[in-house]
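What follows is a short report on a single structure.
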Amino acid sequence: MPERFDAIIVGAGQAGPPLAGRLTAAGQTVAVIERKLVGGTCVNYGCIPTKTLVASAHAAHLARRGGDFGIGTGDVSVDMAAVKARKDKISGGDREGLESWLAGMEGATLIRGHARFEDPHTLRVDDRLLEADRIFLNVGGRAVVPDMPGLADIDYLTNVGILDLDVVPDHLVIIGGSYIALEFAQMYRRFGAQVTVVEKGPRLTGREDEDVSAAIKDILEAEGITVVVGADAISFAKRENGIAVTPREGAEPIVGSHVLIAVGRTPNTDDLGLDAAGVETDSRGYVVVDDQLRTSVPHIWAMGDCNGKGAFTHTSYNDFEIVAANLLDDDPRRVSDRITTYALYIDPPLGRAGMTADEVRKSGRKALVGTRPMTRVGRAVEKGETQGFMKVVVDAETKEILGASILGVGGDEVVHLILDVMTAKLPYTAISRTMHIHPTVSELVPTLLQDLTPLS
Ligand SMILES: Cc1cc2nc3c(=O)[nH]c(=O)nc-3n(C[C@H](O)[C@H](O)[C@H](O)COP(=O)(O)OP(=O)(O)OC[C@H]3O[C@@H](n4cnc5c(N)ncnc54)[C@H](O)[C@@H]3O)c2cc1C
């Protein structure tokens, strides 16, 4: 006989545990099934470990730049085992916190193992059968391993394996030129590795505006990272002195000691038995959901990376909020209410909200744009961190802000003042007429918005 619960949550990522908290608080019994580590990607292999490493890399960078600030530091060395230990402690602490929260949650049962549908209401975990009226999928995703010649014959790293390194590679070759790739590129360069980024497309971060991509490339190259773009036929071969990566036919191979594959993510939906439940997926394996995250089967929902509506911790957590609001609060929150926002955690970071200037152009609407280089931001000058620029695009008719790219010191924080005004659907004057604190990076946003010109 199957064990019965009011709800089953598959995956203890960013949406599952908080949903278990709300459901159990409402008196329901909930099984949370996790096949690996509680906390999922963010806590164990994503945001938290990488931002911990970014912080260590920043410390090394600042120490090397001590002379710029009149500070002598002597030789700077990186103890990668200690860097890793710090990362493991912070990430492990978060995971343990979540585990003990779930363990103490009355009505919740954490079941370890791989879950697979037997029928629309039943999941199998090893030899246990679990049954519920409502099922919530929070199964996340994993790194794409592309079909590239020679890749199967070499040892390569993904975002999971690279976190286990306790030595600095001699030469790290990174395949991919987007967010995850670039964060690892800069941090390992700062740890002391030679780093080459190999990107298939014509530029880094192809989803950003060209000026943003160019500035990111400048920032990375200034630190000695080699960027190879237009690598449209990447192949690999073992060599005695390392791994040869050939970016395109006829090109000189790049010989690295380590290769990191960071070319995108794929949802963990292929081994879930979704067919047995009748849950539809799209051509890339993402679970098809509606605006309130219901799947094609009325009693099954999908939250987080597996539904393709976002690829971030904040989108997964927001999915939980939407599901909980609809089911428990009689509040019809929807995915389409949220504004795209994310950060790229190179240093300085890129904070993004809404549309890029390019997307605005393509939409055909009349728009205004304001930009400021960080060299004109007093606080950035005082901090000695003047790389990057800010750009905000405004609808010429409604005066609402359409999007922003803040590439510069504090950009990941500053972008929120724009995001909040966008969410409130206020005109840009809500910022341009607000007095901000001096000296901050944020104080330049009103100034920038007082000086808008037509977007060409
Ligand atoms: C290197 C890296 C850096 C990142 N940095 C950031 C960042 O700075 N900011 C940000 O917002 N996002 C970042 N992300 C993305 C972020 O980590 C993910 O968007 C987020 O973790 C997705 O959460 P989720 O809830 O969808 O699923 P996940 O956190 O992936 O959790 C899914 C869980 O489901 C489990 N599972 C899967 N299938 C089954 C099954 N059949 N049975 C049982 N359990 C199963 C998995 O083991 C996993 O624990 C980063 C990602 C990576 C890889």
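What the table below lists for this structure:
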read-out	value
Test: residue in the stretch 267-284 that is out of contact with any strand residue (DSSP E or B) (no Cβ under 7 Å at 6 or more places or on another chain), farther than 30 Å from Leu163 by Cβ, part of a helix (DSSP H, G or I) and not hydroxyl-bearing (Ser, Thr, Tyr)	yes
Qualifying residue in the stretch 299-306 (condition: closer than 28 Å to Asp395 by Cα and crowded, with 19+ Cβ neighbours inside 10 Å)	no
Segments classed as strands (runs of 3 or more DSSP E), wholly inside the stretch 285-385, with at least 3 members that are touching a Cys at 6+ places or on another chain (Cβ under 9 Å), of a type in the set (Lys, Arg) and over 21 Å from Ala7 (Cβ atoms)	none
Residue pairs meeting the criteria (Cβ under 7 Å; at least 6 apart or on separate chains; first closer than 14 Å to Arg189 by Cα, in the stretch 74-87; second among the β-branched types (Val, Ile, Thr) and modelled with pLDDT of 95 or more)	Val78/Val168; Met80/Val167; Met80/Val168
In the stretch 403-431, residue farthest from Lys366 (Cα to Cα) [restricted to those that are assigned to a loop (DSSP other than H, G, I, E, B), more than 20 Å from the chain's Cα centre (by Cα) and not hydrophobic (A, V, I, L, M, F, W, C)]	Lys425
Residue satisfying all of: in the stretch 267-286; crowded, with 16+ Cβ neighbours inside 10 Å and not small (Gly, Ala, Ser); nearest to Ile300 (Cα to Cα) among these	Val279
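The values are calculated or read from the model by the stated rules, or taken from the named source; none is laboratory data. Note that the structure is predicted; figures quoted are calculated from it, not measured. With ideal geometry, Cβ positions are generated from the backbone for all residues, glycine too; neighbour counts draw on all protein chains shown.
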